[in-house]
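Okay, so here's the structure we're looking at.
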Amino acid sequence: MNLDKVLILNKLKNHFNCGTNSAFAKHLGIAPTTMSSWYSRKTFDIDVLVNMCPGVDWNKVFDNTVENISSSNELIYKDIVHSKREGTYPESNAEIMEYLKEKDEKIIKLSIRNGELEQENKQLRKQKGYDIAAES
């Protein structure tokens with residue numbers, strides 16, 4: 001899946017009321033050059049970003065919608081084949097776009113939740129005295 005990472009950064013920047021990329025970088029505790037790189041390369045590790053924002057209600061950040069997100073052709077193909085077998089595949093272009101948008105929203109929510117659970121796991125391991133550095 002290919003997430004629109006600039007969209008994610010912009011939504012999060014707006015969520016924190018950061019007017020500039022520099023202010024957003026400062027808020028996250030990273031160098032402005034790192035933020036600039038994320039934007040110019042349109043890439044970052046979503047798990048790292050989630051871990052930088054503990055306590056963020058990601059549904060609120062995205063207003064329960066995700067725009068301009070596209071999936072890889074392989075995922076789309078597998079989903080279409082499965083949906084046709086099940087008789088649930090939409091017919092019109094508008095239905096297809098809505099269908100794909102819903103699938104992408106679910107994937108993003110699950111990815112974000114996964115990052116949150118990994119962070120909770122790290123915190124629990126730290127509380128129990130496990131050596132996190134040795135496990136990485």
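Against the list (1) farther than 28 Å from residue 7 by Cβ; (2) surrounded by 12 or more Cβ atoms within 10 Å (Cβ to Cβ); (3) at pLDDT below 80, the condition residue 125 fails is (3).
Tell me which residues, restricted to region 106-119, are farther than 15 Å from residue 57 by Cβ and in contact (Cβ under 8 Å) with a residue 24 or more places away in the chain. 107, 111, 114, 118, listed by residue number. As a summary of the residue check, residue 90 satisfies the conditions (1) at pLDDT 85 or above; (2) not in a helix (DSSP H, G or I) except for the one numbered (1). Just one of the listed residues (43, 34) is modelled with pLDDT of 80 or more, assigned to a helix (DSSP H, G or I) and of a type in the set (Val, Ile, Thr), namely 34.
Kindly establish whether residue 79 is assigned to a helix (DSSP H, G or I), surrounded by 12 or more Cβ atoms within 10 Å (Cβ to Cβ), among the charged types (D, E, K, R) and at pLDDT below 65.
Working: assigned to a helix (DSSP H, G or I): yes; surrounded by 12 or more Cβ atoms within 10 Å (Cβ to Cβ): yes; among the charged types (D, E, K, R): yes; at pLDDT below 65: yes.
Here the answer is yes, as residue 79 does meet what is asked.
The values are calculated or read from the model by the stated rules, or taken from the named source; none is laboratory data. Small disclaimer: the values here were computed from a predicted structure and weren't measured. Virtual Cβ from ideal backbone geometry, glycine too; neighbours counted across all protein chains shown.
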